[in-house]
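> First, the structure itself, so that you have it in front of you.
The values are calculated or read from the model by the stated rules, or taken from the named source; none is laboratory data. Everything numeric in this text was worked out from a predicted model, so none of it was measured. Every residue, glycine among them, receives a Cβ derived from its backbone with ideal geometry; neighbour counts consider all protein chains shown. For the accessible areas, the whole protein counts, side chains as well, though only heavy atoms, and no ligand, DNA or RNA atoms are used. Shrake-Rupley method; radii C 1.70, N 1.55, O 1.52, S 1.80 Å.
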Amino acid sequence: ISVLELLSALFSIIGVGAVMLLTNWILGLVCLLTIPMVIVLTKQLAKFTRKGFRERQEHLGDLNGIIEEGISGHRVVKAFARESDTFEQFRTANVTYRQAGVRAERLRPGQAVAAEAGSAARRRPLPLSSASCCSCPSPP
């Protein structure tokens, strides 16, 4: 992240916060107070998921190495009739990679929920009367 992006995000938060406080100071204050909580929660969840994604990347590297060796050395594999051994090695690495991916993704929904909770807390709900303001057909 560059300094320009950081300053842009900071000014955006300050600007949106100011408009929220001017529009409805109570709701604006509630929304602004949730931001630190969402940041802390997201950082805590990221600690857990980062380890899993790093492990998944390592297993993906192993799997890619096996695939590349199999493709580049296919003549040697065929010459020594090692197809079944190579396939078993690939299958084992693939299962390990899949299991690492499942472990890495296990807490990812928690991050999405935390981010969405913060986003929802900052959004202002539409009034009920605006639900039919467009030309979309109304539900049956």
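> Here are some conditions: (1) among the β-branched types (Val, Ile, Thr); (2) at pLDDT 85 or above; (3) open to solvent by 70 Å² or more (accessible area, probe 1.4 Å); (4) under 24 Å from Ile13 (Cβ atoms). Thr34 meets all but one. Which one does it not meet?
Thr34 satisfies every listed condition except (3).
> Here's another thing I want to ask about it. From the set of residues in the range 36-57 that are without any contact (Cβ under 8 Å) to a residue 12 or more places away in the chain and of a type outside the set (A, V, I, L, M, F, W, C), which is farthest from Ala93 (Cα to Cα)?
Pro36
> Specify the residue that is farthest from Gly101 (Cα to Cα); the eligible residues are those in the range 51-66 that are open to solvent by less than 70 Å² (accessible area, probe 1.4 Å) and out of contact with any helix residue (DSSP H, G or I) (no Cβ under 7 Å at 6 or more places or on another chain).
The qualifying residue farthest from Gly101 (Cα to Cα) is Gly65.
> While we're here: Hey, Glu58 hits all of (1) at pLDDT below 90; (2) under 28 Å from the mean Cα position of the chain (by Cα) but one; which does it fall short on?
Only one criterion is unmet by Glu58, namely (1).
> A further question on this structure: Looking at the range 1-9, is at least one residue open to solvent by less than 90 Å² (accessible area, probe 1.4 Å), out of contact with any strand residue (DSSP E or B) (no Cβ under 7 Å at 6 or more places or on another chain), modelled with pLDDT of 90 or more and among the hydroxyl-bearing types (Ser, Thr, Tyr)?
Looking through the range 1-9, at least one residue is open to solvent by less than 90 Å² (accessible area, probe 1.4 Å), out of contact with any strand residue (DSSP E or B) (no Cβ under 7 Å at 6 or more places or on another chain), modelled with pLDDT of 90 or more and among the hydroxyl-bearing types (Ser, Thr, Tyr).
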